[in-house]
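Please read through the structure below; I'll follow up with questions.
The values are calculated or read from the model by the stated rules, or taken from the named source; none is laboratory data. None of the values given here were measured: they were computed from a predicted structure. Every residue, glycine as well, gets a Cβ built from its backbone with ideal geometry; the counts of neighbours run over all protein chains shown.
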Amino acid sequence: MLIKNFEKFEKKVWLASPSMHGEEIKYVQEAYDTNWMSTVGANINEVERVAAEKVGVKYAVALSAGTASLHLSMKLAGIEAYGMPMVGHGALEGHRVFCTDMTFDATVNPVVYEGGIPVFIDTEGDTWNMDPVALEKAFEIYPEVKVVVCAHLYGTPAKVDEINKIVKAHEAILVEDAAESLGATYKGVQTGSFGEFNTISFNGNKIITGSAGGCFLTNSKEAAEKVRKWSTQAREAAAWYQHEELGYNYRMSNVIAGVVRGQFGYLEEHIAQKKAIYERYKVGLAGLPVQMNPFDAENSEPNYWLSCMIIDKEAMCPQVRGEQEVLYTPEHGKSCPTEILEAIASINAEGRPIWKPMHMQPIYRLNPFITREGNGRAVTNAYIAGGALGTDGKPLDMGSDIFNRGLCLPSDIKMTADEQDRMIEVIRACFE
């Protein structure tokens, strides 16, 4: 392979790492100097104010992680949709919940925390998000479902109008996972504002970061107050520690909030830098049998959190993935995600595979999976055996197809144009 001829980067180029500016340490120092080192303080108050204002909702509650927000969103959604749970049971106990299939498992696990049963909705090829056609099919199969969890993959907004129209028609509740898409817009409106209960993340690799943390977002004062209470161990307003319902230690630290507070002013700058990375890849890879991760340019503006690519089917060399290992056979003029990721790693850079769809995960293999033509479990078996196409000629199991042919490229803001040019050269060499 020609890859070995490329000089390694002296300093590793990451997929996406934090980019600090100096403002952050000022607010962390403020927390230290004022001795507000716990889960109350000016930094938390300001993060909640700015987050709500930026996204365009009435209320934000700062929490320890985006996952904490999703968990409490599931608790709220289950209570609202199905009534108060019995003591010791989750709000979604025994109920099915429709979920984005191609996502990180933090989108889905909170459903299980509350006793729910995730039903995975296949992906569409226009944005790599939940397929509205498959969602409608899912409601035909499971008309009793009242909660839908929709994520925006890699910072690209889903088909929000189509999904929300279906959700409302079936009198269901939309829970929006905007953990990856802070700052992205759909028809000029920020993601994180479309659901009844919504989540953003400040994890270490996100568009802005606190090293950890997230926010619960809503327009419901009652919901925000519930989440604020639950996240501080559900303490009642008594002089002693009084508890009448289950609570959690989910509140954001004022120290972490200091980092987030300092980052918020750089959100638009980060998005512009991420967009420039995406555009350089698009230009640099032109002419190869690959495509960049798509978005609806007419209706949405991503935050370009991760730049990804997918290899054309006819340009794929043989590749077989097991649960933890993968084999491929190099071919002249062709490549595969594994070969490209190995090539990127050989020059001291970090890429990664596309999220493995939830319906393919061992933990969720018995859960229902719905495609635009119905039960996707039979489709998945056919796909693995050699491919299954719908009447429109597209893969029925779209998520598996994208996972098989796609990968995430180094998208770190600190990556220089010269470093990205070398990355592009290495990718091009994989097809020689």
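Restricting attention to segment 137-162, report how many residues are surrounded by fewer than 24 Cβ atoms within 10 Å (Cβ to Cβ) and in a helix (DSSP H, G or I). Walk me through how you get there before you give the answer.
Start the filter on segment 137-162 by keeping residues that are surrounded by fewer than 24 Cβ atoms within 10 Å (Cβ to Cβ), which leaves 137, 139-146, 159, 161-162.
Next, only the ones that are in a helix (DSSP H, G or I) stay: 137, 139-141, 161-162.
Residues meeting the conditions: 6.
Of everything in segment 10-22, what is buried (at least 16 other Cβ atoms within 10 Å of the Cβ) and not polar (S, T, N, Q)? Give them in sequence order.
Of everything in segment 10-22, those that are buried (at least 16 other Cβ atoms within 10 Å of the Cβ) and not polar (S, T, N, Q) turn out to be 13, 14, 15, 16, 18.
Residue under question is residue 31, and the condition is that it be within 30 Å of residue 307 (Cα to Cα) and crowded, with 23+ Cβ neighbours inside 10 Å; does it hold?
Working: within 30 Å of residue 307 (Cα to Cα): no; crowded, with 23+ Cβ neighbours inside 10 Å: yes.
So residue 31 fails the test.
Now a separate question. Looking only at segment 126-136, decide whether some residue is among the acidic types (Asp, Glu) and within 24 Å of residue 306 (Cβ to Cβ).
Within segment 126-136, the subset among the acidic types (Asp, Glu) is 126, 131, 136.
Next cut, within 24 Å of residue 306 (Cβ to Cβ) only: 126, 131.
Yes - at least one qualifying residue is present in segment 126-136.
I've got another one for you. Go through segment 241-264 and report how many residues are at pLDDT below 95 and charged (D, E, K, R).
Of the residues in segment 241-264, 2 are at pLDDT below 95 and charged (D, E, K, R).
Would you confirm, using the coordinates I've provided, whether residue 346 is in contact with a helix residue (DSSP H, G or I) (Cβ under 6 Å, 6 or more places away or on another chain) and either surrounded by fewer than 14 Cβ atoms within 10 Å (Cβ to Cβ) or of a type outside the set (A, V, I, L, M, F, W, C) (or both)? Walk me through it before giving the result.
Working: in contact with a helix residue (DSSP H, G or I) (Cβ under 6 Å, 6 or more places away or on another chain): yes; either surrounded by fewer than 14 Cβ atoms within 10 Å (Cβ to Cβ) or of a type outside the set (A, V, I, L, M, F, W, C) (or both): yes.
Yes.
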